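**Q** Before we start, here is the structure in question, set down as structure tokens.
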Amino acid sequence: MQTKMNAAHYELHQNCLVIYVTDDLDHHAVTQLREYSDRLIDAGNIKHIIFDFTEVGFMDSSGIGLIMGRYKKVMFLGGRAAVTNVGEVVNRIFSLSGLYQIIERYDTVPEALEGLQKSRIKQ
Amino acid sequence: MKLVIESLSENESFARTVVAAYITRLDPTLEELADVKTAVSEAVTNSIIHGYAGKSGEVEIVCEIHGQEVMVEVVDYGVGIIDIEKAMEPLYTTKPEWERSGMGFAFMEAFMDSLEVYSEVGKGTRVVMRKEIGKEQEK
Ligand SMILES: Nc1ncnc2c1ncn2[C@@H]1O[C@H](COP(=O)(O)OP(=O)(O)OP(=O)(O)O)[C@@H](O)[C@H]1O
Ligand SMILES: [Mg+2]
């Protein structure tokens, strides 16, 4: 399944929702992204969520709120969240905010899809 | 340079892009440019979200360059802040239900050299930020 919407396009891989963000992730983009993401999550069948940042050159605290909010939703269903293709600018925001303590970072979407299906226990 | 925008979320990217264009004369690194853009975005977003809380109003962005230092001032005439010290604490937010995480002021502090916040309840809020550009290259 593939859907294109404002500020992002979406793919469903089994029980994993991949959100490819296609715009600067600020307050404006977040208001566009949040509703549709939640509709997909609430429709059921989604356990894990991946945010891909390939096309994101800028993010502020609004993006942190978006990711945390969606993480809380899937967490209640035993799911996890990951970010992929994070560039240096966005990485600094994630590091400063402490986001990596709860959200996993992978280089690519296929790696994240594989990682999220595995046990969460890390050594 | 002075820019006045309406308190609409679609103006946020315009505001930070204008400030970024204004400071290119200082020959900033990509990192410095990202720092200033993030700080401006945080301040402008706060004015729109908290200051005006969805109502219409104007946000003023004043930008000055003195030597290698950029000064950015973001002003709104919104609700104001009751306890500035508390508001500036990392992770403190009055709007958790809007998925705010309380990181805005922390980012402004981290990415700029200095941050001053002036506010009066019922009158509005003024944020003044400064950053010296080109510190890294000179080392
Ligand atoms: N311009 C403003 N007018 C009124 N209140 C403000 C303004 N700016 C900030 N505040 C208050 O200060 C608090 C902290 O601001 P800060 O930007 O650090 O976090 P936030 O906006 O709540 O969350 P985030 O920036 O992470 O999305 C806000 O929750 C709000 O109560
Ligand atoms: Mg904020």
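The values are calculated or read from the model by the stated rules, or taken from the named source; none is laboratory data. Only a predicted model underlies this, so the values are computations on that prediction, with no experimental measurement involved. Neighbour counts run over all protein chains shown; Cβ positions are idealised from the backbone, glycine included. Ligands, DNA and RNA are excluded from the accessible area calculation, which covers all protein heavy atoms including side chains. Shrake-Rupley method; radii C 1.70, N 1.55, O 1.52, S 1.80 Å.
**Q** Based on the alpha carbons, how large is the Rg to Rh ratio for chain A when Rh follows Kirkwood?
**A** On the way: Rg = 13.1 Å, Rh = 14.2 Å.
Result: Rg/Rh = 0.92.
**Q** Heavy atoms only, probe 1.4 Å: what % of the accessible area of segment A:20-123 goes to carbon and sulfur, would you let me know? It would help to have the intermediate numbers written out before the result.
**A** On the way: 2400 of 4790 Å².
Carbon and sulfur atoms account for 50 percent of the accessible area of segment A:20-123.
**Q** Out of every Cα pair in segment B:2-138, what percent are spaced more than 23 Å from each other?
**A** Percentage above 23 Å: 29.
**Q** Now a separate question. What residues of segment B:109-126 lie in the reach of a label at residue B:68, counting those whose backbone N is under 15 Å from a point 7 Å from the Cα along Cα→Cβ?
**A** Only B:113 pass the distance filter.
**Q** Along the charge dipole of the protein assembly as shown, Cβ charges K/R +1 and D/E -1, which of A:101, B:128, B:103 sits furthest on the positive end?
**A** Working it through, the farthest residue towards the positive pole turns out to be A:101.
**Q** I've got another one for you. Taking both sides together, what accessible area is buried at the B/A interface, probe 1.4 Å, expressed in Å² and rounded to the nearest 100?
**A** Details: alone 7720 and 6730 Å², together 12670 Å².
Result for this pair: about 1800 Å² buried.
**Q** Carbon and sulfur together cover what percent of the accessible area of segment B:29-91 at a 1.4 Å probe radius? Could the numbers behind the result be given before it?
**A** Working: 1540 of 2800 Å².
Roughly 55 percent, rounded to a whole number.
**Q** Starting from the Cα of residue A:47, draw a straight line to each of the aspartates and glutamates and keep only those under 14 Å, dropping any in the same chain fewer than 8 residues away.
**A** List returned: A:11, A:38, A:114.
**Q** What distance in nm separates the two pseudo spin-label positions at residue B:130 and residue B:118, each 7 Å out from Cα along the beta-carbon direction?
**A** 1.4 nm
**Q** Using a 10 Å cut-off on Cβ to Cβ distances, tally the other chain neighbours for every residue of B:96-107 and report the average as a whole number. Kindly include the intermediate steps, with their values, before the conclusion.
**A** Working: counts 1, 0, 5, 11, 5, 12, 4, 10, 4, 1, 3, 7.
Taking the mean over all residues of the peptide, I get 5.
**Q** Something else: With every protein chain present, what is the per residue accessible area of the protein assembly as shown (1.4 Å probe, Å²)? Let's see the in-between values first.
**A** Values: 12670 Å² over 262 residues.
That works out to 48 Å² per residue.
**Q** When only Cα pairs under 8 Å and 6 or more residues apart are kept, what is the percent relative contact order across segment A:2-111? If you can, show how the numbers build up before the last one.
**A** Values: 186 pairs, mean separation 26.9, N = 110.
The normalised contact order for segment A:2-111 reaches 24 percent.
**Q** Restricting to DSSP loop positions (anything but H, G, I, E, B) with no more than 14 other Cβ atoms inside 10 Å of their own Cβ, which trypsin sites (Lys or Arg not before Pro) remain in segment A:17-123? Present the calculation step by step, with values, prior to reporting the outcome.
**A** Numbers: sites: A:34, A:39, A:47, A:70, A:72, A:73, A:80, A:92, A:105, A:118, A:120, A:122; in loops: A:47, A:80, A:118, A:120, A:122.
Here the trypsin sites (Lys or Arg not before Pro) that fit, given the DSSP loop and packing criteria, are A:118, A:120, A:122.
**Q** Hey, if you drop one equal point scatterer on each alpha-carbon of the protein assembly as shown and run the Debye formula without solvent, what base-10 log of I(q)/I(0) do you get at q = 0.08 Å⁻¹?
**A** -0.33
**Q** Okay, moving on. Say each of residue A:107 and residue A:11 gets a label point 7 Å from the Cα, pointing the same way as Cα to Cβ; how far apart are those two points in nm?
**A** Taking the two extended label points, one gets 1.7 nm.
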